[in-house]
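Remarks on the structure that follows.
The values are calculated or read from the model by the stated rules, or taken from the named source; none is laboratory data. Note that the coordinates shown come from a computational prediction; the quantities given were computed from them, not determined experimentally. Every residue, glycine among them, receives a Cβ derived from its backbone with ideal geometry; neighbour counts consider all protein chains shown. We work out accessible area using only protein heavy atoms, side chains counted, and drop any ligands, DNA or RNA first. Shrake-Rupley method; radii C 1.70, N 1.55, O 1.52, S 1.80 Å.
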Amino acid sequence: MTDPHANDGDEVPDENAPDATDGAEEAEGEAESEPDVPAEWMDPVDDKILELMRESYIFDPDHIETEDVCRAPHAAYRCRELSKRGLLVKQAIGMYDITELGEQYLEGEVDPTELEPEDE
């Protein structure tokens, strides 16, 4: 039985019809739209978190969520990761402050690819 919708070669293909390459192009476009991060271990929100930590009134993940950077649980995780690299220091449970190294990173004086995690 012949498919009534099959193109037997006489019809001009519809420009708007999806073809097999559309998915590959879409996936390639999505990969290009991912935000760049300066180091493999970093997250796109890390710079914003560090910038907020410069402010004296920002010191915990809930404040980061209030500032609409990311949700508090993700902010808490990122703060722990930034602390492991020496960019933040944990002052108390759930409270962080930017370090001198963190300030230097924001000024472009530190290459994050060279920051190794501290042993716990």
- Task: Determine the pairs where a residue that is closer than 14 Å to Ile98 by Cα, located within segment 52-79, has a partner that is open to solvent by less than 70 Å² (accessible area, probe 1.4 Å) and among the basic types (Lys, Arg) with Cβ atoms under 9 Å apart, the partner being 6 or more residues away or on another chain.
- Result: Pro61/Arg78; Ile64/Arg78
- Query: Can you tell me how many residues in segment 54-100 are aliphatic (A, V, I, L, M), in a loop (DSSP other than H, G, I, E, B) and over 21 Å from Val37 (Cα atoms)?
  - Reply: 2
- The number of residues in segment 64-94 that are touching a Cys at 6+ places or on another chain (Cβ under 9 Å) and open to solvent by 70 Å² or more (accessible area, probe 1.4 Å) is 1
- Task: Give the residue, chosen from Glu103, Glu51, Glu118, Glu40, that is in contact with a helix residue (DSSP H, G or I) (Cβ under 8 Å, 6 or more places away or on another chain), surrounded by fewer than 17 Cβ atoms within 10 Å (Cβ to Cβ) and part of a helix (DSSP H, G or I).
- Result: Glu51
